[in-house]
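See below for the structure under consideration.
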Amino acid sequence: MLAVALRVLFLWLSNRRWMARVALGTPFLRRMPLRFVAGTTLDQAVAAVRELNARGRSATLDVLGESTDDRDSADRAATAYVATIERIATEGLDANVSIKLSQMGLDLGVEECLAVMAPIVAAAARHGNFVRIDMESSPTTDRTLEVVSRLRADGHDVGPVIQSYLHRSPADVERLATEHVRTRICKGAYAEPPELAHQEREAVGDAFVALCQRLLEADAYPGIATHDPEMIQRVGAFARRHGIGKDRLEFQMLYGVRRDLQRRLVARGYRVRVYVPFGTEWYPYFMRRLAERPANALFVLRSLVGEHS
Ligand code: FDA
């Protein structure tokens, strides 16, 4: 009960810009996200990716930013992503990028968003890299999938994320599986109503496994994004039963979360990709991580107080 209330509270806080301003403007609070965010600069993110690569893990870089309906801000965010893709190439890193379309002006419309995305997908194409499009809350699902499909129709190597809590997801995955689209499956991180999304943990988990199985059958190289050992065990067992090799999927986890599990999977010969967020706009990302696991709030507070005293 308390966990549910805290989850709702943190998700509510994640959308409060005044709270973000307070957190970003307070030196003590600015240190909060260090466990889950690789730093505020590209140099710090590159250092984190180098370390992950040295430990046998791939990465996907997220340049943290606000959703915007201002074209100039969206273009600036796109420029930061182009710089990130260029840097991945020059440093020879095993990494790609993950992008939220709300940051790329999705609220201005699909056409504007495609225009903002153009330099990013061009940079990725120049370097033969892949671009992941993150999935946000349900009002954006159709538009996000439309942008992905239009970019793919133009020959770009991009793939979406599908959230297993949404009732619509089996139909979306069916289409993506038929086209062998490289898709990430996650449970879903936003507050969605019962008409649109499963509310019970078991239903979300069963849906997660079923969606991963469909993509594995279709040989669509799914990204299995979870820290839940039960999900990992069930998807791994399905792959083994069907003779699907470890090179036909990857497990994906968030920076700073379940590093023990990341290590164990690499040791067992699985591909593991770590989602590495960086940048000054860490506040909403950090709040969503607290919502997933309210115990993180205690953990972070304890380490801050410890360092402070
Ligand atoms: P679950 O929440 O059931 O937790 C299982 C265990 O994992 C916990 O007991 C705990 O040990 C650990 N754990 C989980 N979250 C933790 C946290 N924040 N801190 C510490 N430990 C934690 N969502 C979305 O809506 N759109 C997206 O595009 C993405 N993208 C994405 C990429 C990647 C690589 C990952 C791993 C996740 C996402 N997500 C996402 C988030 C996802 O939807 C989901 O909210 C979280 O992964 C939490 O669900 P789990 O399946 O990990 O397990």
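Looking only at region 246-261, count every residue that is under 22 Å from Asp206 (Cβ atoms), within 11 Å of the ligand (Cβ to nearest atom) and either open to solvent by less than 10 Å² (accessible area, probe 1.4 Å) or in contact (Cβ under 8 Å) with a residue 60 or more places away in the chain (or both) and tell me the total.
Residues flagged as under 22 Å from Asp206 (Cβ atoms), within 11 Å of the ligand (Cβ to nearest atom) and either open to solvent by less than 10 Å² (accessible area, probe 1.4 Å) or in contact (Cβ under 8 Å) with a residue 60 or more places away in the chain (or both) within region 246-261 amount to 4.
Considering only region 201-306, give the helices (runs of 4 or more DSSP H) lying wholly within it that have at least 1 residues that are of a type in the set (Asp, Glu) and closer than 21 Å to Pro160 by Cβ.
Of the helices (runs of 4 or more DSSP H) lying wholly inside region 201-306, those with at least 1 residues that are of a type in the set (Asp, Glu) and closer than 21 Å to Pro160 by Cβ span 201-217, 283-292.
Of all residues in region 174-210, which are of a type in the set (A, V, I, L, M) and either crowded, with 19+ Cβ neighbours inside 10 Å or within 20 Å of Phe251 (Cβ to Cβ) (or both)?
Of everything in region 174-210, those that are of a type in the set (A, V, I, L, M) and either crowded, with 19+ Cβ neighbours inside 10 Å or within 20 Å of Phe251 (Cβ to Cβ) (or both) turn out to be Leu176, Ala177, Val181, Ile185, Ala189, Ala197, Val204, Ala207, Val209, Ala210.
Given the structure, is Arg273 within 12 Å of the ligand (Cβ to nearest atom) and under 16 Å from the mean Cα position of the chain (by Cα)?
When the stated conditions are applied, Arg273 passes them.
Of all the residues that make up region 50-88, how many are among the basic types (Lys, Arg) and outside any helix (DSSP H, G or I)?
Count: 2.
Pairs under 9 Å by beta carbon, first residue at negative phi in region 219-245, partner part of a loop (DSSP other than H, G, I, E, B) and small (Gly, Ala, Ser), six or more apart or different chains?
Pairs found: Ala239/Gly245.
All but one of (1) touching a helix residue (DSSP H, G or I) at 6+ places or on another chain (Cβ under 7 Å); (2) away from the ligand (no atom under 16 Å from the Cβ) hold for Ser164; which doesn't?
(2)
Among the residues of region 107-123, are any among the small types (Gly, Ala, Ser) and either in contact with a helix residue (DSSP H, G or I) (Cβ under 7 Å, 6 or more places away or on another chain) or not assigned by TED's automatic domain parsing to the domain that holds Leu196 (or both)? It would help to see each step written out before you state the result.
At the first step, the residues of region 107-123 found to be among the small types (Gly, Ala, Ser) are 109, 115, 118, 122-123.
Pick out the ones that are also either in contact with a helix residue (DSSP H, G or I) (Cβ under 7 Å, 6 or more places away or on another chain) or not assigned by TED's automatic domain parsing to the domain that holds Leu196 (or both) and you get 123.
Looking through region 107-123, at least one residue is among the small types (Gly, Ala, Ser) and either in contact with a helix residue (DSSP H, G or I) (Cβ under 7 Å, 6 or more places away or on another chain) or not assigned by TED's automatic domain parsing to the domain that holds Leu196 (or both).
Restricted to region 250-270, and to residues that are in contact with a Phe, Trp or Tyr (Cβ under 7 Å, 6 or more places away or on another chain) and not hydrophobic (A, V, I, L, M, F, W, C), which residue is nearest to Cys212 (Cα to Cα)?
Among them, the one singled out is Gln252.
Need pairs with beta-carbon distance below 8 Å; first residue on the phi > 0 side of the Ramachandran plot and within region 169-191, second open to solvent by less than 20 Å² (accessible area, probe 1.4 Å) and more than 13 Å from the ligand (Cβ to nearest atom); sequence gap 6+ or separate chains.
His180/Ala218; His180/Ala220
With respect to Ala210, is the statement that it is farther than 27 Å from Leu114 by Cα, among the small types (Gly, Ala, Ser) and either in the same structural domain as Arg57 (by TED's automatic domain parsing) or touching a Lys or Arg at 6+ places or on another chain (Cβ under 9 Å) (or both) true?
yes
Conditions tested, residue by residue: (1) in contact with a Pro (Cβ under 6 Å, 6 or more places away or on another chain); (2) of a type in the set (D, E, K, R); (3) open to solvent by 60 Å² or more (accessible area, probe 1.4 Å); (4) modelled with pLDDT under 95.
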site	(1), (2), (3), (4)
Thr68	no, no, no, yes
Asp75	no, yes, no, no
Ile85	no, no, no, no
Ile88	no, no, no, no
Ala95	no, no, no, no
Leu101	no, no, no, no
Met104	no, no, no, no
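Could we say that Tyr285 is crowded, with 19+ Cβ neighbours inside 10 Å, over 24 Å from Leu176 (Cα atoms) and either within 16 Å of the ligand (Cβ to nearest atom) or touching a residue at least 24 places away in the same chain (Cβ under 8 Å) (or both) here?
Yes: the conditions hold for Tyr285.
The values are calculated or read from the model by the stated rules, or taken from the named source; none is laboratory data. Worth saying up front: this structure is predicted, and the values here are computed from it rather than measured. We place every Cβ from the backbone using ideal geometry, glycine too, and count neighbours over all the protein chains shown. Calculation scope for accessible area: heavy atoms of the full protein, side chains included, ligands and nucleic acids excluded. Shrake-Rupley method; radii C 1.70, N 1.55, O 1.52, S 1.80 Å.
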